[in-house]
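Working notes, beginning with the structure itself.
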Amino acid sequence: IKFLEKHWRFLCNDIRTGTIDSQITDQSVREAVMKILKPEPQLADFIEAECSKDSWQGIITRLWPNTKYVDVIVTGTMSQYIPTLDYYTNGLPLVCTMYASSECYFGVNLNPLCKPSEVSYTLIPTMAYFEFLPVQRNNGVNSSISVPNTLNEKEQQELVDLVDVKLGQEYELVVTTYSGLYRYRVGDVLRVAGFKNNAPQFNFICRKNVVLCIDSDKTDEVELQNAVKNAVNHFLPFDATLAEYTSYADTSTIPGHYVLYWELSLNGTTPIPPSVFEDCCLTIEESLNSVYRQGRVCDKSIGPLEIKIVEPGTFDKLMDYAISLGASINQYKTPRCVKFAPIVELLNSRAVSSFFSPKCPKWFPGHKQWINMN
């Protein structure tokens, strides 16, 4: 949809004239399209009339009125796109059909028309040999900062077979595949949501190795996503939405602090005052776990959270850069936490404004947590 927003005028011209714009340079593509392309002025006029309207709300059903549903991933941090998808589709069903990765296919959603928040996957045992490593959480976040792809001896003894998982328990998925991966840690955290007959069904929770950490705090992508979701409610009066975001644990300052890079989609004409962004910073901090808030309030080991607003198109540039380094465009997802210095430099170079949390979040000494420093 974003691509269509940028290029619909070229599309209309090509359809109206039956030609292909000179920007399309791949000869095989040009030849394939020219075999079926013919001048259709009425269709071009229709697309132009819809795309030139002030609002793109419901654009999918306006351009493709026979659309029945959208096949899309809306689990984990992808849930942030649900409001945007609802806006463009006029509330069409968002169907999340399967669970897969580059390692292998895992399972299917047996109730594809369910609400995005209720999506669960039934693993198909013939796709691979599945094992599960119980995940222990402290304050709701994962106990490890990074996940190696191999298991140590203690972890191998803790593995649970597919038939032995427990309802409500969270596990890290481990696979042995036909292509030769042996007890490979996929890095996904799943929660047992129920059973279909005797087959367990799983909610996708998060990627285990996405963690922000300054001191003894640990913030995983689920907690960060929920905090961001709470904060963007401040944009509702201004008809603005969060298009993309990522985060960075900046330890170049003393004390270190969290930095969030936000790319906004501004539909309204009323400018967003700085105080609203400061409120967003504080709301995020209020939504994080007590260990983080203790570091901010009591230990002073964590500095005020910072939000940097970046130029439109910044995350497209980030994707282009990742693909130039060899990332698969088919597998690419916006990283929710960045550490690679060139990526941080790219984001900083496109920052247009910066805002800090105006005060410390709430934290009460009576709730002090004993932290496992191992």
### Query
Does Tyr87 fit the bill of being touching a Gly at 6+ places or on another chain (Cβ under 9 Å) and under 30 Å from Leu266 (Cα atoms)?
yes
### Task
Residue by residue through the stretch 139-172, note down the ones that are open to solvent by 40 Å² or more (accessible area, probe 1.4 Å), under 27 Å from Gly295 (Cβ atoms) and at pLDDT 50 or above.
Pro148
### Task
For Ile272, work out the one condition from (1) open to solvent by 20 Å² or more (accessible area, probe 1.4 Å); (2) β-branched (Val, Ile, Thr); (3) touching a Pro at 6+ places or on another chain (Cβ under 8 Å) it doesn't fulfil.
(3)
### Query
Quick one: which of Leu260, Leu266, Leu236, Leu242 is of a type in the set (A, V, I, L, M, F, W, C) and surrounded by 22 or more Cβ atoms within 10 Å (Cβ to Cβ)?
Leu260
### Query
Does Glu285 fit the bill of being of a type in the set (D, E, K, R), open to solvent by 70 Å² or more (accessible area, probe 1.4 Å) and modelled with pLDDT of 90 or more?
no
#### Entry: Count of residues meeting criterion [under 22 Å from Thr253 (Cα atoms) and either without any contact (Cβ under 8 Å) to a residue 12 or more places away in the chain or of a type in the set (Gly, Ala, Ser) (or both)] in the stretch 188-232
1
### Query
If a residue has to be open to solvent by less than 30 Å² (accessible area, probe 1.4 Å) and over 14 Å from Ser247 (Cα atoms) to count, how many in the stretch 315-338 make the cut?
1
## Note on the structure
In the set Lys229, Lys196, the lone residue that is under 24 Å from Met78 (Cβ atoms), not assigned by the TED database to the domain that holds Phe130 and not hydroxyl-bearing (Ser, Thr, Tyr) is Lys229
### Query
Looking at this structure, is Ile73 of a type in the set (A, V, I, L, M, F, W, C) and assigned to a helix (DSSP H, G or I)?
no
### Task
Quick one: count up the residues across the stretch 6-26 that are surrounded by 12 or more Cβ atoms within 10 Å (Cβ to Cβ) and farther than 14 Å from Ile36 by Cα.
9
### Message
Filter the stretch 173-192 down to the residues that are closer than 25 Å to Asn111 by Cβ and open to solvent by 50 Å² or more (accessible area, probe 1.4 Å) and list them by number.
### Response
Arg191
### Message
Condition first: in a loop (DSSP other than H, G, I, E, B), touching a Phe, Trp or Tyr at 6+ places or on another chain (Cβ under 8 Å) and either farther than 22 Å from Gly91 by Cα or among the hydrophobic types (A, V, I, L, M, F, W, C) (or both). Now tell me which residues in the stretch 13-67 satisfy that.
### Response
Asp21, Gln23, Trp56
### Query
Which of the residues spanning the stretch 337-360 are touching a strand residue (DSSP E or B) at 6+ places or on another chain (Cβ under 6 Å) and not aliphatic (A, V, I, L, M)?
Cys337, Arg350, Ser353, Ser354, Phe355, Phe356
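The values are calculated or read from the model by the stated rules, or taken from the named source; none is laboratory data. Keep in mind it's a predicted model, so treat the numbers as computed, not measured. Every residue, glycine as well, gets a Cβ built from its backbone with ideal geometry; the counts of neighbours run over all protein chains shown. Ligands, DNA and RNA are excluded from the accessible area calculation, which covers all protein heavy atoms including side chains. Shrake-Rupley method; radii C 1.70, N 1.55, O 1.52, S 1.80 Å.
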